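The next block holds one structure in the form of C-alpha cells; read it before the comments.
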Amino acid sequence: MTSLTNLMQTNKLAVNILIKEEQDDQVSALVLGLPECRVVSRDRTSAIAELEQKLTDTLSGGEVMALEVEIPTPEHPWQKFAGIYRDSVLFEAVLENIATNRRLLNEKRVVSDEVQEPTM
C-alpha cells in the first residue's frame, strides 16, 4: 500500500523546454515560461541535467498549483442599443411594416420561381 508521504515525495511536473545549439559548440536549455531557469552547457545531455537541477532548486520550498481566473467578457458593442425603442409609440408600426415588407418579398420570390421554367 502506498503511503501519502510517498505520494507527496513522488510528485512530478511536466514542463516544456527549449534546447538550442549556441555558438562555440554550446547548448542552451530553457524552461518555457520561466526565463530564470536557463542553462548553457557543453552538450545536450548535460544541459538537460543541469536544467533539471536548476528547476528543482527553483521549485523547492515552494508550491506548484493551478490557478483559475475568470476572464471578463466585454459587452457586445451593439448591446447598449438593445431595447432603446421598446417604449416608442412607433415601435409596433415599424415591426408591422417590416413584417409586411418581408411577406411581399417572399411572395415575389414564389411567383418568380414559378414563372421560370427549368432549363435542361
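Every number in this text was worked out from the coordinates using simple rules, so none of it is lab data. The structure presented is a predicted model; accordingly, all values stated were derived computationally and were not measured. Note that we place each Cβ from the backbone using ideal geometry, even for glycine, and neighbour counts take in every protein chain shown.
In this structure, residue 88 and residue 109 have a Cβ-Cβ separation that, at R0 = 35 Å, corresponds to a calculated FRET efficiency of about 0.70. Dividing the Cα radius of gyration of region 4-59 by 2.2 N^0.38 Å, with N the residue count, gives 1.28.
Report the FRET efficiency, 1/(1 + (r/R0)^6), for residue 69 and residue 46, where r is their Cβ-Cβ distance and R0 is 41 Å, rounded to 0.05. Computed FRET efficiency for residue 69 and residue 46 comes out at 0.60.
Once both labels are positioned 7 Å from their Cα atoms along Cα-to-Cβ, the gap between residue 17 and residue 95 label points is 6.6 nm. Descending by average beta-carbon neighbour count within 10 Å, the peptides 35-48, 87-100 line up as 35-48, 87-100, the highest first.
With one equal scatterer per alpha carbon and no solvent term, the Debye-computed log10 I(q)/I(0) for the chain at 0.14, 0.15 1/Å reads -0.89, -0.97.
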